[in-house]
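Worksheet for the structure shown next.
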Amino acid sequence: MSAARGKATDHVTGVCWDETFERLLRDVLPQLAEDMPLHPDSDLQALGLDSLLIVELLMRLEDAYQATLDDEALDHTTFSSPSRLWAVIAPMAADRRGEST
C-alpha cells in the first residue's frame with residue numbers, strides 16, 4: 001500500500017481508504033500485528049473483531065467522521081471486511097473533507 005494525500009491504496013484491488021480509517025481499524029483488531037498489511041478483503045472477525053469491538057469501532061468511526069451510520073448499515077456484513085466497511089464510511093469521509101464520492 002502507498003499513502004498519498006491521507007489515503008492508503010491497495011494497488012492490486014484499487015480499494016482506497018484514508019489513514020484515519022486504517023488507524024481506527026488497527027486500533028480495535030487484536031489479531032492484526034502492526035507489521036501485517038490490512039487487505040481490503042481481510043476477514044475482520046478472524047482478526048478479532050467481535051460484537052463488543054464493533055460497538056467500539058462504530059463509536060470511534062462516528063466520532064472521527066462526525067456522522068452517524070444508518071441503522072440499515074449496522075449488520076455483520078458491513079463489518080465483515082475493510083472494503084465493505086469503507087463502502088459505508090467513504091461518503092462520510094468525503095463529506096468531512098468536502099469532496100464528492
**Q.** Segment R96-D50, length gained on full extension (0.36 nm per residue, minus Cα span)
**A.** 13.8 nm
Q: Pop a pseudo-label 7 angstrom from the Cα along the beta-carbon direction at both D43 and D27 and give the gap in nm to one decimal.
A: 2.7
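Say R0 is 35 Å: what FRET efficiency, to the nearest 0.05, do A73 and M36 get from their beta-carbon distance? Before the final figure, lay out the partial values.
Values: r = 26 Å, r/R0 = 0.75.
That gives a FRET efficiency of 0.85.
All other residues with a Cβ under 11 Å from the Cβ of V88 taken together, and with Lys, Arg as +1 and Asp, Glu as -1, what is their net charge? Mind dumping the intermediate values first?
Numbers: positive: R84; negative: D70, E72, D75.
After counting each charged neighbour, the total is -2.
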(Q) Quick one: 3J(HN,Hα) in Hz for the stretch 56-69, Karplus 6.51/-1.76/1.60 with θ = phi - 60°, rounded, Gly and Pro as x. (A) 4, 4, 4, 4, 5, 5, 5, 5, 5, 9, 6, 8, 10, 6
Q: Name the long-range amide H neighbours of D18: under 5 Å, sequence gap of 5 or more, or other chain; modelled H, no Pro or chain starts.
A: A8
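Read-outs: derived from the displayed coordinates by stated rules, not from any lab. Bear in mind the structure is a predicted one, so any value in this text is a computation, not a measurement. Here Cβ is always computed from backbone atoms with ideal geometry, including for glycine, and neighbour counts include all displayed protein chains.
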